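Enquirer: Here you go, one structure.
The values are calculated or read from the model by the stated rules, or taken from the named source; none is laboratory data. Given the structure is predicted, the values throughout are model-derived calculations rather than measurements. Quick reminder, even Gly has a Cβ in these numbers, built from the backbone with ideal geometry, and neighbours come from all protein chains shown. Side chains included, ligands, DNA and RNA excluded: accessible areas come from the protein's heavy atoms. Shrake-Rupley method; radii C 1.70, N 1.55, O 1.52, S 1.80 Å.
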Amino acid sequence: MRCALCNSCMDSHAHLFFQCTYAERIWSALKRKILATDLPLDWGDLVNAMVTRFKNRNIRSIVSKIVLGAGVYYIWQERNKRQFTTDKRPAETLLEVILESVKLRLMSIRVLNSTQVNNVTKEWDIKFKNVQHSR
Ligand SMILES: [Zn+2]
């Protein structure tokens with residue numbers, strides 16, 4: 001079975017998140033966006049790294065988890081779509097879709113006002129709808 005994304009052999013979970021050139025382009029862009037270019041691409045290692053690195057409930061961890069979750073979801077969705085339709089979104093387009101979805105998710109979460117939260121607002125060009133101010 002050929003991977004529907006990069007058209008090379010071996011359509012497997014390991015391929016999709018580890019060796020796929022299409023997914024790799026998206027992952028490297030997402031990792032740059034969350035300032036975590038050193039995150040492993042291997043699926044098991046990635047999950048482990050996320051559990052330890054993003055266990056805090058600070059805004060950076062929350063953003064990273066939303067980004068990685070959206071990456072998994074949309075890469076998987078694109079792969080499934082290609083098996084049933086002829087629609088093919090280039091990696092750049094899918095990346096835009098992922099970043100837009102992350103922005104929407106981010107804007108809806110409740111945050112505590114902080115310098116980090118302000119930085120995220122600038123980096124992502126968003127406005128949080130639900131900001132609590134600490135006393
Ligand atoms: Zn592939």
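Residue-by-condition table, conditions (1) of a type outside the set (Val, Ile, Thr); (2) buried (at least 17 other Cβ atoms within 10 Å of the Cβ); (3) over 12 Å from the mean Cα position of the chain (by Cα); (4) in a helix (DSSP H, G or I):
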| site | (1), (2), (3), (4) |
| --- | --- |
| ILE26 | no, yes, no, yes |
| ARG32 | yes, no, no, yes |
| VAL47 | no, no, yes, yes |
| LEU68 | yes, yes, no, yes |
| ILE75 | no, yes, no, yes |
| THR93 | no, no, yes, yes |
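Enquirer: In addition: Of the conditions (1) within 16 Å of the ligand (Cβ to nearest atom); (2) touching a strand residue (DSSP E or B) at 6+ places or on another chain (Cβ under 9 Å); (3) free of Cβ contacts under 8 Å to residues at least 60 places away in the same chain, CYS3 fails just one. Which one is it?
Expert: Answer for CYS3: the failing condition is (3).
Enquirer: Just one of the numbered conditions (1) in a loop (DSSP other than H, G, I, E, B); (2) within 16 Å of the ligand (Cβ to nearest atom) is not true of THR86; which one?
Expert: (2)
Enquirer: I want to confirm something. Restricting to region 101-123 and keeping residues that are of a type in the set (S, T, N, Q) and part of a helix (DSSP H, G or I), which single residue is nearest to GLY71 (Cα to Cα)?
Expert: If we take residues in region 101-123 being of a type in the set (S, T, N, Q) and part of a helix (DSSP H, G or I), then SER101 is nearest to GLY71 (Cα to Cα).
Enquirer: Can you list residue pairs whose Cβ atoms sit under 7 Å apart, with the first residue in region 119-135 being closer than 16 Å to GLU100 by Cα and the second being of a type in the set (Phe, Trp, Tyr)? Count only pairs 6 or more apart in sequence or on different chains.
Expert: That search, which allows pairs on different chains as well, returns THR121/PHE128.
For (1) modelled with pLDDT under 90; (2) in contact with a helix residue (DSSP H, G or I) (Cβ under 7 Å, 6 or more places away or on another chain), each residue gets a yes or a no:
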| residue | (1), (2) |
| --- | --- |
| VAL72 | yes, no |
| GLU96 | no, no |
| SER108 | no, no |
| LYS127 | no, yes |
| SER134 | yes, no |
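Enquirer: Residue check, ASN7 against (1) open to solvent by less than 60 Å² (accessible area, probe 1.4 Å); (2) of a type outside the set (Ser, Thr, Tyr); (3) not in a helix (DSSP H, G or I), all met but one. Which one?
Expert: Just one mismatch for ASN7, condition (1).
Enquirer: Out of region 95-122, which residues are open to solvent by less than 50 Å² (accessible area, probe 1.4 Å), more than 18 Å from the chain's Cα centre (by Cα) and either under 17 Å from LEU35 (Cα atoms) or among the polar types (S, T, N, Q) (or both)?
Expert: SER114, VAL117
Enquirer: Here's something else I'd like to know. If only one of SER12, SER61 is surrounded by fewer than 17 Cβ atoms within 10 Å (Cβ to Cβ), under 15 Å from the mean Cα position of the chain (by Cα), among the small types (Gly, Ala, Ser) and more than 20 Å from GLU92 (Cα to Cα), which one is it?
Expert: Unique residue meeting the criteria: SER61.
Enquirer: Let me ask another. Just give me the residues in region 17-52 being closer than 23 Å to ILE126 by Cβ and either modelled with pLDDT under 80 or aliphatic (A, V, I, L, M) (or both), in sequence order.
Expert: ILE26, ALA29, LEU30, ILE34, LEU35, ALA36, THR37, LEU39, MET50
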